[in-house]
1. If I go through segment 33-42 residue by residue, how many of them are part of a helix (DSSP H, G or I) and free of Cβ contacts under 8 Å to residues at least 12 places away in the same chain?
2. Please identify the pairs in which a residue from segment 43-71 that is under 16 Å from W22 (Cβ atoms) has its Cβ atom under 8 Å from the Cβ atom of a residue that is part of a helix (DSSP H, G or I) and modelled with pLDDT under 90, counting only partners at least 6 apart or on another chain.
3. Counting just the residues of segment 13-32 that are surrounded by 10 or more Cβ atoms within 10 Å (Cβ to Cβ), in contact (Cβ under 8 Å) with a residue 24 or more places away in the chain and of a type in the set (A, V, I, L, M), which one comes out farthest from I59 (Cα to Cα)?
4. Listed residues F54, F44; which is of a type outside the set (D, E) and either at pLDDT 95 or above or in contact with a Phe, Trp or Tyr (Cβ under 9 Å, 6 or more places away or on another chain) (or both)?
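The values are calculated or read from the model by the stated rules, or taken from the named source; none is laboratory data. Since the structure is predicted, the reported quantities are computational estimates derived from the model, not experimental observations. Glycine also receives a Cβ, built like all others from the backbone with ideal geometry; neighbour counts cover every protein chain displayed.
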Amino acid sequence: MKQVKKPFEIAGRSLIDLVFSWSLRNVLDRDLHKHQVTKIPETFSTVASYMKSFIPSLIEETHADLLSNVCEILFVRF
């Protein structure tokens, strides 16, 4: 039986793909991912659930940083 190779997966690639999928309008939308952020629990049943609980916050923080930098570029005065 021939073994099927899975494509090489780069850690964090899905975050990179998500960020590059945002249009300028998405980047300038202050509330784009804000509704997806929930309170992070104090305890977790698995390591996977621990890691997964931080993803929405990471996405929101990435978006907020990108928004801040884009606004700085757009409104800089020479």
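1. Filtering segment 33-42 down to residues part of a helix (DSSP H, G or I) leaves 34-36.
Pick out the ones that are also free of Cβ contacts under 8 Å to residues at least 12 places away in the same chain and you get 35.
Qualifying residue count for the region: 1.
2. Partner pairs satisfying both residue conditions: P56/Q36; L58/L15; I59/L15; I59/Q36; E60/K34; E60/Q36; T62/L15.
3. Checking each candidate, the answer is L28.
4. Criteria check complete, one pass: F44.
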